[in-house]
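**Student:** First the structure, then my questions, so here it is.
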Amino acid sequence: MSKVDLSVKIGDLFLRNPIMLASGTVGYGSEISEFTDLNTIGGIVTKSLSLKPRKGNPPQRIAETPAGMLNAIGLANVGVEEFIKSKIPFLKKFDVPLICNIAASSVEEYVECTKILTSEETIKAFEINVSCPNVKEGGLQFGNDVKAVGKVTEKVRVATSKPIIIKLSPNVSYISEFAEVVKKEGGDAVSAINTLVGTTFDINTRKPKIFNINGGLSGPAIKPIALAKVLEISRKVDIPVIGTGGIMNWKDVIEFMIVGSSAVQIGTLNFIDPTAPGKIVKELVDYCLQKGITKISDLTSSYLIDE
């Protein structure tokens, strides 16, 4: 039995440890279950679900960039009905909190998706994606408007009693303003950050490398930005933050917790080493034992800044 308590709470959501798998990087769980024991991690976030199935963007949809990657998948997914029918049965095999990520192009669609899914016992919380930068409709029209984010939070809050996490866009001037409105309208936590808007071109053809032209930049290139956004929220708003953006090892997890994260999400790393999340859990125990830390939650917002 470990002498370190790795458990964390996000509102009413209990996680055995702070390691979550980020939306869009592990499909619906079955893909990564061959490499990482889902029973050992804190939580899994599904790829974005919409009311009806979406084909997403045409290829090319992914391009490698220095210290990261661009993706413009376009929220391709099976839709909520098929998810309940064909994906939930597999996920029921595991003792891991399932958080459903929901994407929509209208407030009504966010609400309808939440209502349909909230009766599923396996689903422990919702992550509301108001900030996807790689679709032509939806996403940014909500994520960059404080009032719109507030309205989505308010309406979804009425639709479910389960914890609501709002995934915030970094493509704004003051992310803390968005976290503040999420708290005001009844949200339980925020995820920070979603990907940044980016593009890349082929110098020989002079054409964009991805069909959508713009995509979401993820990976270690965005980590300093993500840390700054989490710190901004932590210093200005009393709301749990799930940190995400460029986490590649256990040291990154500790750093995110120090600046204010209660838990973290691992994304791009899953494509490089799908066994990494399980390894990181063990490495966190080693770090805590070395530092004499008995509860990892004590690290959250433990930063020391000279004012």
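Read the figures in this text as sums done on the coordinates, not as results from a lab. Predicted, not measured: the structure shown is a model, and the values here were computed from it. We place every Cβ from the backbone using ideal geometry, glycine too, and count neighbours over all the protein chains shown.
**Student:** Quick one: divide the alpha-carbon radius of gyration of the chain by 2.2 N^0.38 Å and tell me what you get. Before the final figure, lay out each step's value.
**Tutor:** Values: Rg = 18.1 Å, N = 307, 2.2 N^0.38 = 19.4 Å.
So the chain has a normalised radius of gyration of 0.94.
**Student:** Can you list the HN-Hα couplings for the range 44-50, worked out from phi with the Karplus curve (6.51, -1.76, 1.60; θ = phi - 60°), rounded to whole Hz and with x for Gly and Pro?
**Tutor:** Once rounded to whole Hz, the list reads 10, 9, 5, 4, 3, 10, 10.
**Student:** Beyond a 21 Å Cα-Cα separation, which of these cross-linked pairs lie in this structure: 124/291; 55/87; 47/87? Intermediate results must be reported in sequence, preceding the final value.
**Tutor:** Values: 124/291 32 Å; 55/87 17 Å; 47/87 12 Å.
Violating the 21 Å Cα-Cα cut-off are 124/291.
**Student:** Could you pull out which residues in the range 55-82 have an amide N less than 13 Å from a spot 7 Å beyond the Cα of residue 207, following the Cα-Cβ vector?
**Tutor:** Backbone N within reach: 59-61.
**Student:** Check residue 197: other-chain or 5+ apart residues with amide H under 5 Å from its amide H, H built from backbone geometry?
**Tutor:** 217
**Student:** Packing-wise, with mean Cβ within 10 Å as the measure, how do 282-289, 250-257 rank, highest first? Spell out each step's value before the answer.
**Tutor:** Details: 282-289: 15.9, 250-257: 21.8.
Listed from highest to lowest mean packing, they are 250-257, 282-289.
**Student:** For the range 129-269, what is the percent of antiparallel DSSP beta bridges, rounded to the nearest 5? If you can, show how the numbers build up before the last one.
**Tutor:** Values: 5 of 16 bridges.
Antiparallel bridges: around 30 percent, rounded to the nearest 5.
**Student:** Now a separate question. Sort 7-19, 198-210 by the packing proxy (mean of other Cβ within 10 Å over each peptide's residues), most packed first.
**Tutor:** Working: 7-19: 20.5, 198-210: 13.5.
Descending mean neighbour count gives 7-19, 198-210.
**Student:** Let me know the Kirkwood hydrodynamic radius for the range 148-307, please, with Cα pairs as the basis and the value in Å to one decimal. Walk me through the numbers on the way to the answer.
**Tutor:** Working: mean 1/r = 0.0586 Å⁻¹.
Over the range 148-307, the inverse of the mean reciprocal pair distance is 17.1 Å.
**Student:** Okay, next question. Might you report the magnitude of the Cβ-based charge dipole of the chain about its Cα centre, with Lys and Arg at +1 and Asp and Glu at -1, to the nearest 20 debye?
**Tutor:** Details: 35 positive and 33 negative charges, 97 e Å.
Once rounded to the nearest 20, the dipole reads 460 debye.
**Student:** By count of other Cβ within 10 Å, fewest leading, how are 268, 40 ordered? All intermediate terms of the calculation are to be shown ahead of the outcome.
**Tutor:** Numbers: 268 24, 40 17.
If I rank by nearby Cβ atoms, fewest first, I get 40, 268.
**Student:** Which percent, nearest 5, of DSSP beta bridges in the chain are antiparallel?
**Tutor:** Working: 16 of 45 bridges.
Of the beta bridges lying entirely in the chain, close to 35 percent run antiparallel.
**Student:** Now, a different point. Using the Kirkwood formula on the Cα atoms of the range 71-125, what hydrodynamic radius do you get, in angstrom to one decimal? Please report the intermediate quantities before stating the final value.
**Tutor:** Working: mean 1/r = 0.0817 Å⁻¹.
About 12.2 Å for the range 71-125.
**Student:** Sort 95, 306 by Cβ crowding within 10 Å, fewest neighbours at the top. Could you put the intermediate results ahead of the total?
**Tutor:** On the way: 95 9, 306 3.
Fewest-to-most Cβ neighbours within 10 Å comes out as 306, 95.
**Student:** Okay, next question. Using only the Cα atoms of the range 187-272, what do you get for the radius of gyration and for Dmax, in Å?
**Tutor:** For the range 187-272, the Cα-based Rg and Dmax read 15.0, 50 Å.
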